[in-house]
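Have a look at the structure below before the remarks.
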Amino acid sequence: MKNLMTFLILTCFFLSMDAQIIKLEETKVKAANYVPVYFQQDSEGFIIPERFDSQFEIDALGFVFNNFNMKDYINGNLIEESDSYEVTFRNRKGFLRANYDDEGAMVRSSQRFTQMALPYEIRNEIFSQYQGWDITRSTYIARGTGDKIDKGFYKIRVENGSQKKNIKLYTTTSSSQTSKIAVATN
């Protein structure tokens, strides 16, 4: 009886391993919670809707690449043809200025954000080196080409009572490089 049960279990196991290969057709999947971004436009550029502020502040370049198509904008708005276009995207804490070529591809960009929440790693680095100090001001400035940031840094002010220090923290895009801190004291 024991041998029969072992035989049946092994037979079921080996039969289940004989799987069929089914070729499926290609399908496109859309995210169920995808919400299109509708930009308001004024004389200074595009205003990021308030509900997308945090996404824009965390990764401004990624947000613009995912939600704005310059070629469609040029074609849909009957804009006069030019060799290059400059577009500004902004919210209450900062802006991203992007330069596009005549094909609608981003050539270079610059961004500046003030008083935004610092990334966890940067906050930890500051607080480990300046224990007992408070961060009172922060500004993020970056420049890049295409969809990459070439140079980015944070200007951070820390205070401890009447003492004030300005910290400049360079960010790197490569994981092999480490962040550098340069301190200027007032």
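The values are calculated or read from the model by the stated rules, or taken from the named source; none is laboratory data. Fair warning: this is a prediction, and the values are worked out from it, not measured in the lab. So basically every Cβ, Gly included, is an ideal-geometry build from the backbone, and we count neighbours across all protein chains shown.
Being in contact with a Gly (Cβ under 8 Å, 6 or more places away or on another chain) and more than 22 Å from Lys151 (Cβ to Cβ) narrows it down to one of Met116, Met70, Met106, so name that one.
Met70
Go through segment 10-53 and report how many residues are modelled with pLDDT of 65 or more, in a loop (DSSP other than H, G, I, E, B) and basic (Lys, Arg).
Of the residues in segment 10-53, 2 are modelled with pLDDT of 65 or more, in a loop (DSSP other than H, G, I, E, B) and basic (Lys, Arg).
Could you tell me which residue of segment 128-160 is modelled with the lowest pLDDT, considering only residues that are under 15 Å from the mean Cα position of the chain (by Cα) and either in the same structural domain as Asp102 (by TED's automatic domain parsing) or among the small types (Gly, Ala, Ser) (or both)?
The extreme case among them is Gly146.
If Asn99 satisfies all but one of (1) out of contact with any Ser or Thr (no Cβ under 9 Å at 6 or more places or on another chain); (2) surrounded by 12 or more Cβ atoms within 10 Å (Cβ to Cβ); (3) more than 30 Å from Lys165 (Cα to Cα); (4) modelled with pLDDT of 85 or more, what's the number of the condition it fails?
Just one mismatch for Asn99, condition (1).
Failed condition for Ala105, given (1) in the same structural domain as Asn66 (by TED's automatic domain parsing); (2) over 18 Å from Ala60 (Cβ atoms), with all others met?
Unmet for Ala105, out of (1) in the same structural domain as Asn66 (by TED's automatic domain parsing); (2) over 18 Å from Ala60 (Cβ atoms): (2).
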